[in-house]
Amino acid sequence: MVNDLTIRAATVNGSGSQSSNLVLTHALVRLGIPVAPKNIFPSNIEGLPTWFDVRLSPRGYQCRSRDVDVLVALNLVTWESDVASVKSGGVIVHDASYSVHGKTARDDVTYYPVPFTELSKEHFPQGSPRKYLINMIYVGVLAQILAIDLAVVEAALRDQFKRKPAAVELNLSAVRLGFEYARDHLPKADSYRVEPMPGGTDNLVLMDGNRGAALGCVMGGCTVVAWYPITPSTSLCEAFIEYCDRFRVDPATKERRAATIQAEDELAAIGMVIGAGWAGARAMTSTSGPGISLMAETAGFAYYAEIPGVIFDVQRAGPSTGLPTRTMQGDVSFAAQISHGDTKHIVLFPGTVTEAYEFAMDAFDLADRFQTPVFVLSDLDLGMNLWLTPPLAYPERGFDRGKVLSAEDLEKLPSWGRYRDVDGDGIPYRTIPGTPHPNAGYFTRGSGHDEDSHYSERPEVYQRNLDRLLRKYDTARSVVPQPLIEEAGHEAAILAYGTTHHAVVEARDILRQEGVEVDYLRVRALPFSAGIEAFIARHRRVYVVEQNRDGQLFGLLRAELPAHLLERLRSVRHYTGEPIDAAAVTEPLLHAERAAGQAAAAALS
Amino acid sequence: MDTIPKSNPNVNTSGLTREVYKGSPSTLCAGCGHNSITNHLIKALYEYGIEPHLLAKMSGIGCSSKTPAYFVERAHGYNGLHGRMPSAATGAKLANRELFMLGISGDGDTASIGLGQYCHLIRRNLDCTYIVEDNGCYGLTKGQFSATADIGSVLKRGQINEFEMIDLCGLAIELGATFVARSFSGDGKQLVPLLQAAFSHRGTAILDVISPCVTFNDHEGSTKSYAYVKDHEVLLHGTDYFAPRAEIVVDYEPGTVRDITLEDGAHIVLRKLHDDYDPTDRLEALRTLHEARTSGELVTGLLYVDTNASDLCERERMPRTSLSGFAEDDLRISRDDWAALMGSFA
């Protein structure tokens with residue numbers, strides 16, 4: 001087995017394995033091998049079990065694989081279940097003190113016991129971070145067993161510790177220690193191997209989606225951020241703050257062209273965002289499920305009063321506190337309509353780091369253009385895991401600030417009304433507070449209002465306003481990111497969105513090998529564009545694959561499709577909190593497609 | 001008190017007539033204390049000379065929160081969500097530091113549903129004037145007690161309030177507020193200069209204005225009625241306001257006043273009435289409030305002021321002008337820096 005395997009490090013949270021895992025990951029990238037790292041971590045600072053998977057695949061699959069090929073077992077608590085997770089023919093590198101008998105003694109895997117603690121004690125002085133260095137020892141062991149060039153590991157390590165040069169030599173000696181121990185004591189008895197793939201990762205970098213989104217906010221002109229810390233969204237705002245400190249400070253005046261406020265809760269966070277949006281700034285908050293629940297009130301206000309703002313929801317497994325460190329596409333139907341009353345929001349579904357970046361910029365344009373809150377539904381998998389991605393491209397397009405009337409514009413207008421539909425697209429004109437003109441002011445309210453923003457409870461005025469808001473939403477259908485379609489006239493198709501994409505990519509390859517070809521449409525935003533219905537109409541069976549229990553996008557599609565298309569939709573759902581893998585797609589699809597094939601054959605005979 | 005240069009007696013320093021500072025007709029009950037506050041605000045804003053296009057009238061939900069529609073029609077108004085005015089005001093002020101933030105709230109909006117945001121606004125010392133039109137009850141839902149109702153106070157239908165009141169002034173001082181005053185809707189002579197001093201203050205200025213609800217809380221047994229205030233109000237001092245660069249035209253007896261210079265150069269002159277109250281002494285302010293609470297008195301005047309604190313926009317090092325004025329080149333990372341940044345991920 002060359003370059004096609006998943007390495008899993010099972011450790012204890014807080015034991016400092018992250019640096020080691022990153023060194024290993026970067027070393028593999030340097031060798032040109034496409035990797036997909038997944039950090040599976042607990043809601044805990046120290047003590048609970050944690051796993052880090054690095055999947056290597058020559059075709060560059062970015063989704064998780066449920067098969068563990070090579071296990072590094074350094075957590076006695078999960079030792080038994082970790083052993084069980086290794087696939088037949090796999091490898092187990094483990095602390096030599098762990099007993100191998102009964103359930104942990106398998107005859108279909110190769111064991112490489114390593115006396116990690118003893119090695120660490122023997123070679124590193126008291127007072128050195130022995131606990132952490134154990135993790136570097138396993139990097140060396142893996143390098144020897146899998147034939148990873150030690151010089152490349154060293155280069156990756158030096159880069160990893162470039163801000164802590166003093167730590168380089170100690171960590172390097174731990175890697176060598178593991179390498180030499182394995183060379184001298186662990187004769188190769190398995191079939192796994194790593195080989196350099198020159199060019200395999202050229203023009204690719206490793207970045208997490210939250211960082212990509214934060215850079216999108218910087219380049220999209222976001223100037224006000226109000227947030228409340230919550231996993232897995234925290235690193236988005238923290239990255240934004242980091243970049244503002246670096247790139248948004250006026251060298252002469254020390255003024256900072258961004259406000260970044262840690263709010264008292266999510267109610268205040270979105271309150272500040274919408275207040276700032278009202279006053280003309282591009283503003284955003286990032287949160288996750290529990291926060292998005294609290295933001296419902298202001299989201300409805302901003303929809304009805306028509307105020308721009310961007311809300312990143314880095315989804316985690318709910319409901320309630322749920323699994324705070326696990327992934328889910330669980331907020332889709334909520335975000336689509338979040339608020340009481342008739343409400344419909346623009347929602348974007350980034351599936352890659354590039355889209356996390358680009359959709360962040362798009363979100364500010366859309367929010368300004370449609371004068372409404374825009375939700376960007378990322379998830380923990382995209383937000384917090386590292387992905388191989390092309391470097392993010394410098395934006396060539398300017399900001400689209402939408403329909404804003406300046407003092408000069410007002411001077412030319414005999415009159416204007418904040419909520420008049422002048423252009424027939426449902427989008428009114430607005431003024432920014434501070435605009436120096438006697439006619440600039442208007443009264444924003446969440447209560448009933450007429451075209452000139454005066455209070456009104458009149459039935460026809462209320463209904464006209466709701467209809468215009470719907471017209472505005474319909475205008476957005478052709479403006480939001482359009483679906484991506486790969487189509488070759490097949491009878492069946494997959495429809496997915498967000499990070500589910502990566503499992504679909506691999507699943508379609510596997511299905512093809514099994515003789516089942518399917519077309520593919522990836523939804524990238526709400527409202528649905530017209531192309532989605534047309535695509536469904538061109539297929540007899542459309543499998544809607546998503547990472548939630550209730551088939552949330554499936555439900556939204558059903559609510560909009562004409563009746564004769566409804567029976568074409570099939571719902572495929574994955575909801576374990578782990579990122580979806582290809583098997584979660586291929587297993588139900590193979591079953592259903594073969595059944596469909598048999599039914600068709602039976603109908604013919 | 002005459003603080004306006006009188007080249008044209010019918011316009012203010014911004015060259016605007018008093019008419020400009022008026023709004024739509026009030027839809028509140030006749031005799032409502034809030035209407036009086038609106039009138040005092042019109043006078044205070046006119047005399048202060050605020051440019052309407054820079055005024056942001058912020059409010060939450062409730063009778064009080066409707067009032068921004070009743071003054072300075074030309075200004076931008078934001079009648080948002082119940083208890084959430086502070087966060088909206090914070091966002092708007094951060095977006096444009098030039099805006100003059102005026103928040104209008106009530107006792108329900110502030111002391112119950114909005115108590116958290118009230119506290120954090122004060123902690124951050126956002127530069128704004130925050131008026132609580134305080135009548136001790138929920139008017140729009142027909143007269144339930146609010147959290148500022150005094151223990152033992154009686155509702156119109158006879159229910160007695162069994163819970164301790166939240167003193168919004170005492171709380172504000174505890175939280176580090178930099179300007180805290182209490183007044184009465186019926187006392188324009190006190191309220192107008194206090195409002196103007198609040199406008200001149202840089203930081204959060206809290207004004208808790210007792211404002212009787214004539215429909216639901218103006219009866220015998222209420223501690224927020226016109227009659228109760230009339231019988232129990234104790235003025236800490238007489239209050240005069242002098243705009244920046246205005247001449248102090250009154251000859252005060254030496255030793256009878258405290259003259260406090262506010263951040264924009266304006267003065268608030270406090271005339272001694274009985275005790276020599278020092279509004280820069282936080283402990284004295286708290287003691288005064290506690291004693292009044294025990295005795296059932298309503299102490300009004302400038303309770304506390306600190307003119308040396310930095311406000312949120314200063315601490316955040318915000319630019320002087322609106323953030324909406326910055327263009328792509330001002331906000332984006334340069335191409336060279338971008339190339340280097342992307343290189344650092346390789």
Single match in A:E546, A:E533, A:E517 (criterion: buried (at least 21 other Cβ atoms within 10 Å of the Cβ), of a type in the set (D, E, K, R) and in the same structural domain as A:H501 (by TED's automatic domain parsing)): A:E546
Output for segment A:283-318, where each listed residue is aromatic (F, W, Y), touching a strand residue (DSSP E or B) at 6+ places or on another chain (Cβ under 8 Å) and within 20 Å of A:I427 (Cα to Cα): A:Y303
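Restricting to segment B:84-110, give me the number of residues that are of a type in the set (A, V, I, L, M, F, W, C) and either at positive phi or at the interface with chain A (Cβ under 7 Å from one of its Cβ atoms) (or both).
Of the residues in segment B:84-110, 6 are of a type in the set (A, V, I, L, M, F, W, C) and either at positive phi or at the interface with chain A (Cβ under 7 Å from one of its Cβ atoms) (or both).
Pull up segment B:270-294, narrow it to residues that are outside any loop (DSSP other than H, G, I, E, B) and hydroxyl-bearing (S, T, Y), then point me to the one that is farthest from B:G152 (Cα to Cα).
Going through the qualifying residues, I end up with B:T288.
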Restricting segment B:326-346 to residues that are assigned to a helix (DSSP H, G or I) and surrounded by 14 or more Cβ atoms within 10 Å (Cβ to Cβ), the residue that is farthest from the other protein chains (Cβ to nearest Cβ): B:L341
Failed criterion for A:T78 (all others in (1) farther than 29 Å from A:D381 by Cβ; (2) in a helix (DSSP H, G or I) hold): (1)
Qualifying residue in segment A:106-115 (condition: touching an Asp or Glu at 6+ places or on another chain (Cβ under 7 Å) and not hydrophobic (A, V, I, L, M, F, W, C)): yes
Top-ranked residue in segment A:325-366 [being free of Cβ contacts under 8 Å to residues at least 60 places away in the same chain and polar (S, T, N, Q); ranked as farthest from A:G555 (Cα to Cα)]: A:S339
Search result, residues across segment A:290-325 that are over 30 Å from A:D450 (Cα atoms) and crowded, with 23+ Cβ neighbours inside 10 Å: A:G291, A:F312, A:D313, A:V314, A:Q315, A:R316, A:A317
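On the given criteria, is A:V504 part of a helix (DSSP H, G or I), of a type in the set (V, I, T) and surrounded by fewer than 19 Cβ atoms within 10 Å (Cβ to Cβ)? Lay out the reasoning, then the answer.
On the way: part of a helix (DSSP H, G or I): yes; of a type in the set (V, I, T): yes; surrounded by fewer than 19 Cβ atoms within 10 Å (Cβ to Cβ): no.
Answer is no for this residue.
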Among residues of segment A:542-573, those that are free of Cβ contacts under 8 Å to residues at least 12 places away in the same chain and of a type in the set (A, V, I, L, M, F, W, C), counted: 3
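From the set of residues in segment A:266-307 that are under 23 Å from the mean Cα position of the chain (by Cα) and assigned to a loop (DSSP other than H, G, I, E, B), which is nearest to A:F399 (Cα to Cα)? Show your work before the answer.
The initial filter retains those residues of segment A:266-307 that are under 23 Å from the mean Cα position of the chain (by Cα), namely A:266, A:269-270, A:273, A:282-296, A:299.
When the remaining residues are screened for being assigned to a loop (DSSP other than H, G, I, E, B), the result is A:282, A:288, A:295.
Working: A:R282: 10, A:S288: 27, A:M295: 26 Å.
The qualifying residue nearest to A:F399 (Cα to Cα) is A:R282.
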Residue in segment A:145-154 that is without any contact (Cβ under 8 Å) to a residue 12 or more places away in the chain, assigned to a helix (DSSP H, G or I) and either out of contact with any Pro (no Cβ under 8 Å at 6 or more places or on another chain) or closer than 23 Å to A:F52 by Cα (or both) present: yes
Qualifying position, being touching a residue at least 40 places away in the same chain (Cβ under 8 Å), within 14 Å of chain A (Cβ to nearest Cβ), in a loop (DSSP other than H, G, I, E, B) and in contact with a Ser or Thr (Cβ under 7 Å, 6 or more places away or on another chain), among B:L81, B:L126: B:L126
Condition met for A:P229 (within 30 Å of A:V91 (Cβ to Cβ) and more than 12 Å from chain B (Cβ to nearest Cβ)): no
Number of positions in segment A:229-246 that are touching a Gly at 6+ places or on another chain (Cβ under 8 Å) and surrounded by fewer than 24 Cβ atoms within 10 Å (Cβ to Cβ): 2
Top-ranked residue of segment A:247-262 - restricted to ones that are more than 15 Å from B:C313 (Cα to Cα) and surrounded by 15 or more Cβ atoms within 10 Å (Cβ to Cβ), ranked as nearest to the other protein chains (Cβ to nearest Cβ): A:F247
Residue match in segment A:491-501 (condition: surrounded by 14 or more Cβ atoms within 10 Å (Cβ to Cβ) and either basic (K, R) or free of Cβ contacts under 8 Å to residues at least 40 places away in the same chain (or both)): no
Failed item, numbered, when B:A88 is tested on (1) within 16 Å of the chain's Cα centre (by Cα); (2) part of a loop (DSSP other than H, G, I, E, B): (2)
Near pairs, Cβ below 8 angstrom, 6+ apart or cross-chain, from segment A:265-290 (facing another protein chain (nearest Cβ under 7 Å) and closer than 16 Å to B:Y118 by Cβ) to any residue that is of a type in the set (S, T, N, Q) and not in a helix (DSSP H, G or I): A:M272/A:T285
Unique residue being of a type in the set (S, T, Y), closer than 19 Å to A:Y61 by Cα and modelled with pLDDT of 95 or more when the list is A:Y543, A:Y497: A:Y497
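Listed here are the residues, each with its yes/no results for (1) among the aromatic types (F, W, Y); (2) modelled with pLDDT of 95 or more; (3) part of a loop (DSSP other than H, G, I, E, B); (4) surrounded by fewer than 18 Cβ atoms within 10 Å (Cβ to Cβ).
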site: A:V422; (1), (2), (3), (4): no, yes, yes, yes
site: A:G434; (1), (2), (3), (4): no, yes, yes, no
site: A:A440; (1), (2), (3), (4): no, yes, yes, no
site: A:S447; (1), (2), (3), (4): no, yes, yes, yes
site: A:V461; (1), (2), (3), (4): no, yes, no, yes
site: A:S478; (1), (2), (3), (4): no, yes, yes, yes
site: A:Q482; (1), (2), (3), (4): no, yes, yes, yes
Residue in segment B:60-78 that is part of a strand (DSSP E or B), under 24 Å from B:P212 (Cα atoms), at pLDDT 95 or above and within 14 Å of chain A (Cβ to nearest Cβ) present: yes
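The values are calculated or read from the model by the stated rules, or taken from the named source; none is laboratory data. This is a predicted model, so every value here is computed, not measured. For neighbour counting, all protein chains shown are included, and Cβ atoms are generated from backbone atoms with ideal geometry for every residue, glycine included.
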